[in-house]
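What follows is a set of notes on a single structure, which appears directly below.
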Amino acid sequence: MNPSDERVPDLVKRALGPVADAGLKRDLWPRMRARMDRPAIRLPWWDWVLVAAILLCFILFPAAIPAVLFQF
Amino acid sequence: MELLEQFARGDAEAFESLFRQFQGEVYGWIVRIVRDPGAAEDLTVETFWRIYRARSRFDPRRGFGPWARRIATNLALDHLSTRRNETSLEDGCPPACLRCSPPDPALAADVRRKVAAAFGRLPVKLRVAATLAMIEETPYGDIADALGISIGTVKSRVFRAVRLLRGDLQRMGVEP
């Protein structure tokens, strides 16, 4: 190891310093509760039907894929 | 053990008990990695949200703390990766609300700034290993457990971080 490599960790520690106060200042449970109560994003069933129909079209008519991609 | 089993079965009160018991520990671990109290709070909540969602896969025979720490570490890594260009370390100043041990007054402000900038430019995986090992002096075994890698890999990452830092600092005119 290069001798100056051994001095790098010390230099970093002197320059940045460890976190002196890593204690939590407040109870995070209310935020956690709010996170848990947030409704999950759900797609309506007809959206799934539409996705399935498009996939079925691609399977039955693969030649249509480039034409669809061209629109994007 | 009973509490952990209740949690694994989906008991909300058991989860609340575990949250209250471990939130400080998880937050403390995250803030040492991301060095931003606000982000650490958000990531603590996100960590427990993922824990809650994955409760059915939790094995009560294995400790809750190490499992939580592993998830927290992965989230902190993701956070640092996505916020790479905004990371406060890069401009040499930690967030105002983060209380760090004061830097060595004998070290010139210019050198401090350059060291912080070089440190912020490290690849995220190396930076996390270096932060925990070099700045926080966390035992290699704890770092390895949290990152899900071997102690040898931790040492290798720290070694590579040191080499990169030395080269970067020398380019900026700082001789370690």
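The values are calculated or read from the model by the stated rules, or taken from the named source; none is laboratory data. Note that this is a predicted model, so its numbers are computed, not measured. Virtual Cβ from ideal backbone geometry, glycine too; neighbours counted across all protein chains shown.
In segment A:1-33, which residues are loosely packed, with under 11 Cβ neighbours inside 10 Å, at the interface with chain B (Cβ under 9 Å from one of its Cβ atoms) and over 30 Å from B:Arg113 (Cβ atoms)?
Within segment A:1-33, A:Arg26 is the sole residue that qualifies.
Across segment B:37-49, which residue is nearest to A:Met32 (Cα to Cα) among those that are surrounded by fewer than 24 Cβ atoms within 10 Å (Cβ to Cβ) and either facing another protein chain (nearest Cβ under 10 Å) or among the hydroxyl-bearing types (Ser, Thr, Tyr) (or both)?
The selected residue is B:Val45.
Mind checking which residues of segment B:1-52 are within 19 Å of B:Leu80 (Cα to Cα) and touching a residue at least 40 places away in the same chain (Cβ under 8 Å)?
Passing the criteria: B:Val26, B:Trp29, B:Ile30, B:Val31, B:Arg32, B:Ile33, B:Val34, B:Arg35, B:Asp36, B:Pro37, B:Gly38, B:Ala39.
Residue-wise test of (1) surrounded by 22 or more Cβ atoms within 10 Å (Cβ to Cβ); (2) more than 11 Å from chain A (Cβ to nearest Cβ); (3) at pLDDT below 95.
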| position | (1), (2), (3) |
| --- | --- |
| B:Ala8 | no, yes, yes |
| B:Phe19 | yes, no, no |
| B:Gly24 | no, no, no |
| B:Tyr27 | yes, no, no |
| B:Arg53 | no, no, yes |
| B:Ser56 | no, yes, yes |
| B:Pro66 | no, yes, yes |
| B:Ala76 | yes, yes, no |
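So how many residues does segment B:139-164 have that are more than 14 Å from chain A (Cβ to nearest Cβ), surrounded by fewer than 20 Cβ atoms within 10 Å (Cβ to Cβ), assigned to a helix (DSSP H, G or I) and touching a residue at least 40 places away in the same chain (Cβ under 8 Å)?
Of the residues in segment B:139-164, 1 are more than 14 Å from chain A (Cβ to nearest Cβ), surrounded by fewer than 20 Cβ atoms within 10 Å (Cβ to Cβ), assigned to a helix (DSSP H, G or I) and touching a residue at least 40 places away in the same chain (Cβ under 8 Å).
Within chain A, considering only helices (runs of 4 or more DSSP H) that don't extend past its boundaries, which have at least 1 residues that are under 28 Å from B:Tyr52 (Cβ atoms)?
A:29-37, A:45-60
Evaluate the following for A:Leu55: is it within 8 Å of another protein chain (Cβ to nearest Cβ) and over 30 Å from B:Arg171 (Cβ atoms)?
For A:Leu55, the condition - within 8 Å of another protein chain (Cβ to nearest Cβ) and over 30 Å from B:Arg171 (Cβ atoms) - is not met.
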